[in-house]
Each structure stands twice: as C-alpha cells, then as structure tokens.
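Student: Quick one: the structure is below, and I'll ask about it shortly.
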Amino acid sequence: MAGGLNKQFLKDPLLFLRKHLISVVDGNMQTGTNKVGFYADRERVLLKQFIGPVGKHQHPFNCYFLRALPDTLNPGIGFSGATEDYFFTSTLSGCQFLAYGASRNSLTIEHNNYLSGHGSYDGRYQQIQGGAVSARIHNGGSYNIDDDDVGNVVGIRDGGGWHLYFQKIGREKGAMVKTSGKIVVSKKTITVEQLF
C-alpha cells in the first residue's frame with residue numbers, strides 16, 4: 001500500500017481526484033464500512049480493501065463503499081447514520097447512481113445496475129424526484145460508455161454535510177500512443193464534476 005497516496009487523499013481529497021485516475025477494486029468489499037487504501041498501478045491508483053495489521057507508513061482509512069450487484073436496483077441505502085467521512089461507488093460503466101434527501105446530512109444513495117436490461121433507469125429516477133437535494137449520474141447523461149467513459153462517485157463529508165463528486169475517466173480524442181510497435185489508444189482524461 002502506498003501510504004503517501006493515502007496521506008495525499010486525506011489531506012486534500014478534491015485535489016487527489018483531479019490528479020489521479022481512481023480504479024476501485026471491488027474484490028471482497030461489501031456495501032458498508034470498509035478499511036481501504038490506495039495502491040499505485042502505472043497510470044492510475046487502485047482503491048482496495050485493506051486487510052491485516054497497519055504498518056507505520058500505510059495510513060489506511062475507513063470509507064463507506066456502495067457495491068454494484070448485477071441486475072439489482074440496490075435501492076435506498078440511508079446515509080444519515082454513517083460515521084465515515086468518505087464514500088466510493090463501484091466503477092460506473094453503464095450503471096446509474098442516484099442520491100437524494102432532505103439535506104446534505106440526510107442522504108439516500110443508490111447504485112442501479114441493470115446489466116440484462118431489466119428495469120428502467122428513467123423510471124427509478126422519476127420515483128425519487130422531489131427531494132430537496134438530488135443528483136443523478138447515468139450513461140448518456142454525465143458519461144457515455146460508447147466513448148469509453150467510465151467513472152466513480154466519491155462523497156466527502158465536512159461540517160456542511162456530504163459533497164458528491166463524479167470523477168469521469170475518459171479517453172482523449174485522437175490521442176494515440178505507440179507502444180512496442182503497436183499503436184494503442186491509452187491517453188486518459190480526468191474530469192471532476194461536483195454534483196452538490
């Protein structure tokens with residue numbers, strides 16, 4: 001584990017989101033509280049579950065993780081009682097993320113995942129509208145998988161409640177990189193959008 005990456009994130013999470021491509025490694029993480037850490041991996045950083053004793057320079061931290069389950073609405077995870085100051089979703093690669101509630105301190109979050117096309121993202125979004133605070137991230141809206149876009153929703157809580165950010169990871173149009181005689185598209189871009 002790269003303890004320096006964890007310290008960077010904890011010191012200034014928003015700057016970290018703007019500088020580092022985050023790839024969430026679901027592995028054994030379940031929805032709920034997980035001890036995690038960032039690991040360096042070429043052009044990105046991996047967020048993984050931390051298992052084992054904590055070494056002097058590792059600096060893992062607790063976060064709330066919202067896992068995606070195939071063909072599942074994953075509805076209504078109330079967030080008002082969460083003790084963590086950070087949350088992450090599984091990578092959005094065609095899914096829908098919803099957040100809604102009476103205030104930034106009283107949120108419900110969902111990671112809707114209809115891999116086989118069952119259900120309606122628009123229908124679910126219509127059901128939750130009307131809250132004082134709401135955000136929606138979905139394919140064709142905030143990102144487009146046809147353009148190789150994916151992303152993560154990251155929540156950061158401070159004295160004013162939860163602030164949600166969508167880190168969109170896209171491909172720079174026309175960016176070609178030559179590697180071992182092959183031309184591959186590999187240049188990635190990061191866009192961080194504040195949802196609220």
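The values are calculated or read from the model by the stated rules, or taken from the named source; none is laboratory data. The model shown is predicted, which means the values in this text are computed figures rather than measured ones. Here Cβ is always computed from backbone atoms with ideal geometry, including for glycine, and neighbour counts include all displayed protein chains.
Matching residues to (1) in contact with a Leu (Cβ under 6 Å, 6 or more places away or on another chain); (2) of a type in the set (S, T, N, Q):
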position: His20; (1), (2): no, no
position: Asn28; (1), (2): no, yes
position: Phe38; (1), (2): yes, no
position: Leu47; (1), (2): no, no
position: Ile51; (1), (2): no, no
position: Tyr64; (1), (2): no, no
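Student: When you check Gly32 against the structure, is it in contact with a strand residue (DSSP E or B) (Cβ under 8 Å, 6 or more places away or on another chain), at positive phi and of a type outside the set (A, V, I, L, M, F, W, C), yes or no? Reasoning before the result, please.
Tutor: Values: in contact with a strand residue (DSSP E or B) (Cβ under 8 Å, 6 or more places away or on another chain): yes; at positive phi: yes; of a type outside the set (A, V, I, L, M, F, W, C): yes.
In short, yes.
Student: Here are some residues: Ala135, Ala175. Which one is among the hydrophobic types (A, V, I, L, M, F, W, C) and either touching a Pro at 6+ places or on another chain (Cβ under 6 Å) or at pLDDT below 85 (or both)?
Tutor: On the way: Ala135 fails: either touching a Pro at 6+ places or on another chain (Cβ under 6 Å) or at pLDDT below 85 (or both).
Answer to the selection: Ala175.
Student: Would you please list the contacts, defined by Cβ atoms under 9 Å and residues six or more apart or on different chains, that run from a residue in region 153-168 that is more than 16 Å from Ser106 (Cβ to Cβ) to a residue that is among the small types (Gly, Ala, Ser) and surrounded by 22 or more Cβ atoms within 10 Å (Cβ to Cβ)?
Tutor: Short answer, once both residue conditions are applied: Val153/Ala99; Tyr165/Gly155; Phe166/Gly151; Gln167/Gly151; Lys168/Gly151.
Student: For region 152-171, what are the residues that are among the basic types (Lys, Arg) and within 11 Å of the chain's Cα centre (by Cα)?
Tutor: Applying the first criterion (among the basic types (Lys, Arg)) to region 152-171 yields 157, 168, 171.
Answer for region 152-171, where residues must be among the basic types (Lys, Arg) and within 11 Å of the chain's Cα centre (by Cα): just Lys168.
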